[in-house]
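See below for the structure under consideration.
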């Protein structure tokens, strides 16, 4: 944790970090896809579940005027139990700070797993503004409340021990998922999330997600905004709930998704595993024909 805190909040450390070079060089892509705004959350740096390489690929292929980091970017809960910080996790931090240096406006809204950064709300470090919540105005004039969402999770707020127990079970599921995807890569198959599949099949999980979305949307409606953008539940979604536009940008552990705003205000969820699979098919059509 000391290493992460030093990299994030020490001014000299940030300057040195800008000057350093990532282990995976930034790709020289001539035509990056540009968006007005990008939202990502639940990266969980400091855990084995973080799909660092996929997020690095995403950051190397897209750009935006503004970027929101909607919580649980660093997993302080996991790092308290054991130190796990591979060089690819540094590569992600490097890319975020590089964007800020290039002029991208970056807002970091800490979640429950990186709540240790909430004490710095209102401050700016290396071009990254830390806030508890934010109001984003889209290109077509809509006002969207941006927050992580753990404020509305009764389990996290009232029964922290139960949240930690669930976190441990989640880690086991993700360990199994990593092994499954190791075999899938060996077989030439695309990424697949076991935990995401399980959540959509288990009735209680579906009910919890739906209830969470409704509570967040109703709270946003009471604030008088047009919509709300959250993370926390690792489930990307965009839908209208009682006149409030609800968005969730998903995560970079299971679904590997981001929410983006186009320059006309249109919103879209990017499923990056699907994007990579489609790109691979375009780059190797002969392989696809032989497989068929």
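Would you kindly identify the helices (runs of 4 or more DSSP H) lying entirely within the range 1-113 that contain at least 1 residues that are in contact with a helix residue (DSSP H, G or I) (Cβ under 9 Å, 6 or more places away or on another chain), under 30 Å from residue 264 (Cα atoms) and at pLDDT 95 or above?
Fully inside the range 1-113 and qualifying: 52-61, 87-102.
Of all residues in the range 127-142, which are touching a strand residue (DSSP E or B) at 6+ places or on another chain (Cβ under 9 Å) and under 15 Å from residue 68 (Cα atoms)?
127, 128, 129, 130, 131, 133, 134, 135, 136, 137, 138
So, in the range 122-159, of the ones that are assigned to a strand (DSSP E or B) and either in contact with a helix residue (DSSP H, G or I) (Cβ under 6 Å, 6 or more places away or on another chain) or more than 19 Å from residue 217 (Cβ to Cβ) (or both), which residue ends up modelled with the lowest pLDDT?
Residue satisfying both the conditions and the ranking: 125.
Considering each residue of the range 263-283, count those that are touching a helix residue (DSSP H, G or I) at 6+ places or on another chain (Cβ under 6 Å) and in contact (Cβ under 8 Å) with a residue 12 or more places away in the chain, and give that number.
The number of residues fulfilling the criteria is 1.
When you look at residue 266, is it under 21 Å from residue 136 (Cα atoms), within 21 Å of the chain's Cα centre (by Cα) and surrounded by fewer than 22 Cβ atoms within 10 Å (Cβ to Cβ), yes or no?
For residue 266, the condition - under 21 Å from residue 136 (Cα atoms), within 21 Å of the chain's Cα centre (by Cα) and surrounded by fewer than 22 Cβ atoms within 10 Å (Cβ to Cβ) - is met.
Looking at the range 78-93 only, could you name the residues that are buried (at least 17 other Cβ atoms within 10 Å of the Cβ) and more than 17 Å from residue 252 (Cα to Cα)?
Of everything in the range 78-93, just one residue is buried (at least 17 other Cβ atoms within 10 Å of the Cβ) and more than 17 Å from residue 252 (Cα to Cα), namely 79.
The values are calculated or read from the model by the stated rules, or taken from the named source; none is laboratory data. Since we're looking at a predicted model, the values are computed, not measured. Cβ coordinates were reconstructed from backbone atoms using ideal geometry, including for glycine residues, and neighbour counts include every protein chain displayed.
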